[in-house]
Each structure stands twice: as structure tokens, then as C-alpha cells.
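Structure record follows, encoded as C-alpha cells.
The values are calculated or read from the model by the stated rules, or taken from the named source; none is laboratory data. Note that this is a predicted model, so its numbers are computed, not measured. Positions of Cβ are backbone-derived with ideal geometry, glycine not excepted, and every protein chain shown enters the neighbour counts. When the accessible area is computed, the model is the full protein with side chains, heavy atoms only, and any ligands, DNA or RNA have been set aside. Shrake-Rupley method; radii C 1.70, N 1.55, O 1.52, S 1.80 Å.
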Amino acid sequence: MPPSRILREKAVGETRWVALDATDRPIALRLDRWSDQGARAQLGTITECRIRAIHERQGGAFVELAYGPEAFLRLAEGHRLTEGQSIAVKIAAEARRGKLARVQLIDAAPEKGQAKASAADLWLSRLSHGASVTPEDVPVGDPNIQAAFDEALSETLTLQGGGTLRIQPTAAIVAVDLDTSGRSDTGRAAARALRINLEAGRELARQLSLRNLGGATVLDCVSPINRDAGLKVRDEFLAAFSTVSTRQAKALAPSPFGLMEASIAWGETPIADRMLDSDGLPSDETLCLDGLRHLQREALAQPMARFQVNLPERAHAWMTGCGLDLQARLDESFGARLAISPHAKPQPEVFQI
């Protein structure tokens, strides 16, 4: 269902957004980090670029965006473009792990002085009725924000009626396993299977939106499932996805083996790619900003107290080398009562001094 509330948490180093449905379940996330400025190709934005190399066999060209990153542009036959040429493009899909951003050719970039929609405004416009919902600013450390991001990074989640979904993105597909453990449905086996498969289809739609996942997706449905039941599951999934995302989605009824295949257009970078490293652990930047967010939460709760955060050594090294001067921005907001130091532990720790 479309968002009924949009929460925004502004912290030193990043702003996090969460769109909630009428039942207060998160359906979409946005992460704006200060380190992104001038460094990331963001979905829907328009920019100029230069064609670096045309590869006819790959059906496109590699282009260099005005602010640095490289992207891929698909070209039609007879395009008449040349290497070195400057063109205007729109970001059609953001970069993700192992893949460049994808751009579309447009007639011309906006003229200088012409107002441009921000990446955050474009995100709101892509939510179903999102542009009509006024974002609510919440304090740093808001539990709804934290819970939504934790959910988006979790491999396993519990269905409301019992049972679990295990979501595992790979280089080729998003594999989704449905487990009925902990569920106590009654009735015939086919009816029980249909109920949990329908719920799984709805939940999968929400999770693909929440996590910014796309590409080929396979849901392993519970048996028994016949042709009519399979069509219901497919239709339930597509209907649910259309209420939470404007991305194009296609799906097939489950195969004789119970596998429902779907294809989802890519859009924003997956949340996991933004926050985790290649081993699935919090990145240095994520660890640093998590520690600073906890520090800010404590400082807001006790306005007269002094606090210190000890960051893992690699997170502290990222902070000192990022060029954002985060300590100065904390001092501007809280005065000189917050200290930051490195330590050998794997997680940040905040304490009063």
C-alpha cells in the first residue's frame, strides 16, 4: 500500500528516510550520506557526460559523468554518436556491486539557473502518492528508523502469520526460501499452502522495495500448489509490488517445481550495498556513522552532559581520512562536549565522561 507517513532523521554524516504504510510497516528507505555529494550517480537526476568508448558488440557506450563516476549507455543502431562527444543523460539505474550505473540519452541538460529537482524529491515522487506526504523530522536515534534499516539488512524475517522468508541476493538472482516452521494453519494442505504462499508473495513485494533489490528473483513456494493457486500467488505479488514501487515488475506463475520467477527493474543501489562491505559486514563508514548517531542520541537526551564515542580503529581511520570534518560539525551542534577516539573493539561504544 502507498506510504501514509515518511520519517526523516537528520544526523551529522547522513540523513535517513523511511516510508511507512498505514500499518506502520516500512516499505521504502533512502540513505543520503555526506560522502555521496558529487560522488554518486543518483536515480532520476540529469547530468552531462563525455562518451569515453563505444562498444557496438555490447550495444552501448561507457561514459564519464561530469562529477567523476563512469556509467553505461545503451545505444540504438544508427546512433551517430562519437567517442569524446559531450551529451546529456538521465540516471536510469544507480550503480550496484559489480555493476556500473546505467544512463539514458536525453535531448539536453537543463539550462543554467533552471531549478533542478533534488534526488530526495525525485525519490518521493517515485513512491506511490509519496509527493503528497509531508516528511516528519524525527530525533536522531528514532527507533522506527533504526528498526526499518535493521530489517532491510536482515537475511531472515518472520511472516505475520508464522513462518519465515530467507532472502539471499547473489550475483545472478535474488533467491527467496519460504519456511513454514512455527506456523499453525488449519484446513486442507492445499488451502494451507495457498495462504502462506499468498502472504509470502505480499511480503516479498514489500521486501524488494524496502531493500532496493531488482533483477531476477525466485521464490520457492510451499507445496502443494496447482495452476490456479499459482496464478493467484503471482497476481498477489504483482499487485502488492505495484502499491509500494513504481519500478516495472513481471512474474510467472510458479513452475511444476513450485518456483515463482520474477523480473524487477533496477533502480536505486541496494541498501546492503550502501551499508555493508563485500563480506556482508558493516563498512568502515557505516560503523563510523552508527557510532556518531548513538553519540548524538545520548547528547540530545542529556543536554548538559559530556560524552565520548570509541570507534573501531578502521572506522576512526575512515573518519579522519574522509575530509568531511565531522568533529567540527558535532561541535557546531553540541558545543565542545563530544569526544571521538579509536579503540580495538569491533563495535562503537558511547559513554559519559
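So if I check each of Ala171, Ala152, Ala175, which one is part of a helix (DSSP H, G or I), within 23 Å of Ser263 (Cα to Cα), among the hydrophobic types (A, V, I, L, M, F, W, C) and touching a residue at least 40 places away in the same chain (Cβ under 8 Å)?
Ala152
Within region 251-296, count every residue that is charged (D, E, K, R) and without any contact (Cβ under 8 Å) to a residue 40 or more places away in the chain.
Residues that pass the stated criteria total 3.
Can you tell me which residue is surrounded by the fewest Cβ atoms within 10 Å (Cβ to Cβ) among those in region 161-171 that are farther than 17 Å from Cys221 by Cβ and at pLDDT 90 or above?
Step by step, filter region 161-171, then rank; the result is Thr170.
Could you tell me whether region 46-64 includes any residue that is outside any strand (DSSP E or B), of a type in the set (Gly, Ala, Ser) and either touching a residue at least 40 places away in the same chain (Cβ under 8 Å) or open to solvent by 30 Å² or more (accessible area, probe 1.4 Å) (or both)?
Looking through region 46-64, none of the residues is outside any strand (DSSP E or B), of a type in the set (Gly, Ala, Ser) and either touching a residue at least 40 places away in the same chain (Cβ under 8 Å) or open to solvent by 30 Å² or more (accessible area, probe 1.4 Å) (or both).
In region 297-319, how many are loosely packed, with under 13 Cβ neighbours inside 10 Å and either in contact with a Phe, Trp or Tyr (Cβ under 6 Å, 6 or more places away or on another chain) or free of Cβ contacts under 8 Å to residues at least 40 places away in the same chain (or both)?
Matching residues across region 297-319 total 3.
Hey, can you tell me all the residues within region 241-257 that are surrounded by 18 or more Cβ atoms within 10 Å (Cβ to Cβ) and in contact with an Asp or Glu (Cβ under 8 Å, 6 or more places away or on another chain)?
Val244, Ala251
Check Ala200 against each of (1) under 30 Å from Arg97 (Cβ atoms); (2) open to solvent by less than 20 Å² (accessible area, probe 1.4 Å); (3) at pLDDT below 95; (4) more than 19 Å from the chain's Cα centre (by Cα) and name the one condition it does not meet.
(3)
What are the residue pairs meeting all of these: first residue in region 207-230, first residue over 14 Å from Ile167 (Cβ atoms), second residue among the hydroxyl-bearing types (Ser, Thr, Tyr) and open to solvent by 10 Å² or more (accessible area, probe 1.4 Å), Cβ atoms under 9 Å, and 6 or more apart or on different chains?
Taking only residues 6 or more apart or on different chains, the pairs are Val222/Thr180; Gly230/Ser255.
Report every pair of residues separated by at least 6 positions or lying on different chains whose Cβ atoms are under 6 Å apart, first residue within region 100-120 and at pLDDT below 90, second outside any loop (DSSP other than H, G, I, E, B).
Close Cβ pairs satisfying both conditions: Ala108/Ala88; Ala109/Ile46; Ala109/Glu48; Ala109/Ala88.
Can you tell me which of (1) in contact with a Phe, Trp or Tyr (Cβ under 8 Å, 6 or more places away or on another chain); (2) under 30 Å from Asp235 (Cα atoms); (3) assigned to a helix (DSSP H, G or I) is the one Ala272 doesn't meet?
(1)
Among the numbered criteria (1) over 22 Å from Gly215 (Cβ atoms); (2) in a strand (DSSP E or B); (3) open to solvent by 70 Å² or more (accessible area, probe 1.4 Å); (4) of a type in the set (S, T, N, Q), which single criterion is violated by Gln104?
Answer for Gln104: the failing condition is (1).
Looking at this structure, is Glu285 assigned to a strand (DSSP E or B) and under 24 Å from the mean Cα position of the chain (by Cα)?
It is false that Glu285 is assigned to a strand (DSSP E or B) and under 24 Å from the mean Cα position of the chain (by Cα).
Where the second residue is open to solvent by 10 Å² or more (accessible area, probe 1.4 Å) and basic (Lys, Arg) and the first is farther than 18 Å from Asp121 by Cβ and lies in region 18-37, which pairs have Cβ atoms under 8 Å and are six or more apart or on separate chains?
The qualifying pairs are Leu20/Arg5; Asp24/Arg5; Arg25/Arg206; Ile27/Arg206.
Within the set of pairs 6 or more residues apart or between chains, which connect a residue that is farther than 14 Å from Ala305 by Cα and in contact (Cβ under 8 Å) with a residue 12 or more places away in the chain inside region 327-341 to a residue that is open to solvent by 30 Å² or more (accessible area, probe 1.4 Å) and assigned to a helix (DSSP H, G or I) with Cβ atoms less than 7 Å apart?
Matching pairs, first to second residue: Ile340/Gln327.
Hey, Pro254 hits all of (1) modelled with pLDDT under 95; (2) of a type outside the set (A, V, I, L, M); (3) part of a loop (DSSP other than H, G, I, E, B) but one; which does it fall short on?
(1)
Yes or no: region 203-222 includes at least one residue that is modelled with pLDDT of 95 or more, in a helix (DSSP H, G or I) and among the polar types (S, T, N, Q).
yes
Can you tell me which residue within region 175-193, out of those that are open to solvent by 20 Å² or more (accessible area, probe 1.4 Å) and under 30 Å from the mean Cα position of the chain (by Cα), is modelled with the lowest pLDDT?
It comes out as Gly182.
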